[in-house]
Amino acid sequence: MELTQFIATRREALLVGDYSTYRAQLSRQLLALRKRLGRATPKREKFAKRDVTAEDVGSNHEFAHLLLLTSERAWAHAMYMKASHSEGASGKGITGSTRSHIISRLAKAAKIAKELLELLGNREASNANDDGVLEARAYHATLAGSEEFEKQSEGQRSADNQSSEKRWEPCLRHYSEARVIYAAFYEKTKKEVFKDILAGTVDPTIRYAAYQAHLSRTIAISTIAKRYFASDDEELVRMVQQLDQYALKDKLEPKSEDEKKSSPQEVPSSVTWRGRKANIVDASIGQALASVTTAQGRLSAHLKSNPSAPSREQAAAYDDVLTAAQDAADATKRATDELEKERVDEGDPRMQDLRVTSLRVNYDLVSWRVGRNRVLIGEKDGLTFTAQRSKQPKRPRRDGTTYPAKEEPRSRKLARLRERVVLYDATIQSINSVKDLRGAMRDASFVEELDSKAAYFRALKCVNISYSHAMLGSHLNALALLSRAKGLLSAALPTISQQSPADIDAPPTLHVLTSTAEAVDKHVSALLSRAHAIVEMHKLEENARVAAEKHMTSALPLVQNLNAFPTPGVQVDLKNLVQYPPKIQPVPVKPLFLDVAWNYIEYPGRKAQVATNPAAPAPADEKMVNGVDEKPQEKKRGWFGFGR
């Protein structure tokens, strides 16, 4: 019958209106349904009550909807009065006839829901299955628990532990029954409607009732529900265990690695943050952290099994981790707000542990957000940028040939770079939001670490913006951006290299590996040198253009000046490569070598010209010049027989 889905669909009207609007809508639906079923009282006739029987429900399920709508209208009436007469400044809550009227409307809603449960209990006549009976029982337990809640909610907490637990026990029993049934349905079907009911109504009410009953906050909500569940009802226990065999007991230890990753983790009792250990003072925080660990294992397994998946698909795998991390942050905030309402001093150990836990949980939430952005940006955190291939049409050409590959248009490239810049801005904003957490600014090393990570992503942002300027021809702007990126990386590298090492195979988070930062710095240095060279070349071309306008170009053909590189400011005239048609010019038949310095240079193997002195004795040893014995040589003559 899907009674829960039917009620949840009707309650969607509360998203756009109040309880009064919802009640009026239910009245209109009831009238239309009575007319359709033939149960409407005609005009000018006396009303005659006609009860719904199990045979009616078996023949047409809309009779069950008739009872559901009637019960919902009574519940909406009670909620409307409660919202209208909200708690005033006195802090005593709703009292007097208004409170009695609210309780009577809830009692009527619970009574009609119980009638539906009894009708569905007649399986032969109503043709109901176990799931329909369980949904009706959970719905009745929710309304009966709301009635008991309003009976005891006086706005003040009693100091007597035993009397408080006894007074709140009926409320806890009803909501525990609803909690176990809805949790079993969610475990089996994984429908969001059951999860929304648990998170929006059942779990907060159980937590408040447990607080009023003086139960410890360290006790998990699931443990409280199992403790107050009606285990003596054998039929109810049988139907619940058919849905989920572990609904009323703990799960077995997983044996394989896959089971360990997908199974719920053990609830932690403490957290560690930068060398400091803090106890978990609220069980809901521990359960949320266990859910984060489970989701993290599934994320790691998914990324390892699909390494070549598209970036959007990999980023979608982060949704479960982000949801669990957000639940942990919300649970920590609720626990902190409760202690603040009790006016607990900041020096209390519970408050100190909550502050440390809050900082750790919120940092992890930001870390997973940044990791998701890094996956969306692409490989190497968007350090490189390559053109994408355009999609080929599925239909071939008429002549049977394939379509030529088209280059990605520049507008599409700029759009992708713009998307990257938006992700970088979101990442930097998320990192800076950590500083707003209470206690974060007191840790100087932690703040320095955050600044270094923000500088790392700012550098990558500058690199991607430089790519867009290079595409548009603004190479000077690209050079300035790359110089800025190099400065940011130089300032961030020393702090990043001092961080504790992390698992390389772990999913991307806020943690930046030292090897990754060094590779980025090396690549940016190469891009900076390249951009500098391009700017210099464009400067030379600009100077050459100005020189050409001022007629400063060389007049000789290029073929006659190949041994000289063009000087800056002189443009090569591509129209003056050779002289054509060639002009008649005198050229030497043979090369002429005029050695006019022959008589003044000492060449190896040539005897020096020394003045002869007849009176001087002959030397004992023969003089050596350059390691060669000096021998008399013949006097050389010129080309035409003349002496030199």
- request: Compute the FRET efficiency between Ser231 and Glu118 as 1/(1 + (r/R0)^6), taking r as their Cβ-Cβ distance and R0 = 22 Å, and round to the nearest 0.05.
  value: 0.50
message: Highest mean first, how do 109-117, 515-523, 174-182 rank when packing is the count of other Cβ atoms within 10 Å averaged over residues?
response: 174-182, 109-117, 515-523
task: Given a cut-off of 19 Å, name the pairs among Lys82/Lys333; Lys380/Lys453; Lys304/Lys380 whose C-alpha atoms lie farther apart than that in the structure shown.
output: Lys82/Lys333
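Strictly over 28 Å apart at the Cα level, which of Lys486/Lys539; Lys191/Lys341; Lys166/Lys190; Lys435/Lys486; Lys190/Lys341 would you flag in this model?
Lys191/Lys341; Lys166/Lys190; Lys190/Lys341
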query: What is the calculated FRET efficiency for Val422 to Ser483, with r their C-beta to C-beta distance and R₀ = 35 Å, to the nearest 0.05?
result: 0.90
Separation of the Ala316 and Ala48 label points, Cα + 7 Å toward Cβ, nm: 5.9
- prompt: What is the local net charge at Ser497, summed over the other residues whose Cβ is closer than 13 Å to its Cβ (Lys, Arg +1; Asp, Glu -1)?
  reply: -3
task: Note down the nm distance, to one decimal, between modelled labels 7 Å out along Cα→Cβ at Val589 and at Leu248.
output: 12.7
message: Can you compute the radius of gyration and Dmax for the range 262-377, using only the Cα atoms, both in Å?
response: 15.8, 53
Ordering of 275-282, 143-150, 438-445, 287-294 by packing [mean C-beta count within 10 Å, highest first]: 143-150, 287-294, 275-282, 438-445
- request: Using θ = phi - 60° and the Karplus relation 6.51 cos²θ - 1.76 cosθ + 1.60, list the HN-Hα couplings for the range 342-353 in order, rounded to whole Hz, with x at every Gly or Pro.
  value: 7, 6, 6, 5, 5, x, 5, x, 5, 5, 5, 5
- request: Sort 56-66, 129-139 for me by packing, meaning the mean count of neighbouring Cβ atoms within 10 Å per residue, highest on top.
  value: 129-139, 56-66
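Readers should treat all values here as calculations from the given coordinates under stated rules, not as data from a laboratory. Quantities reported herein were computed from a predicted structural model and do not represent experimental measurements. With ideal geometry, Cβ positions are generated from the backbone for all residues, glycine too; neighbour counts draw on all protein chains shown.
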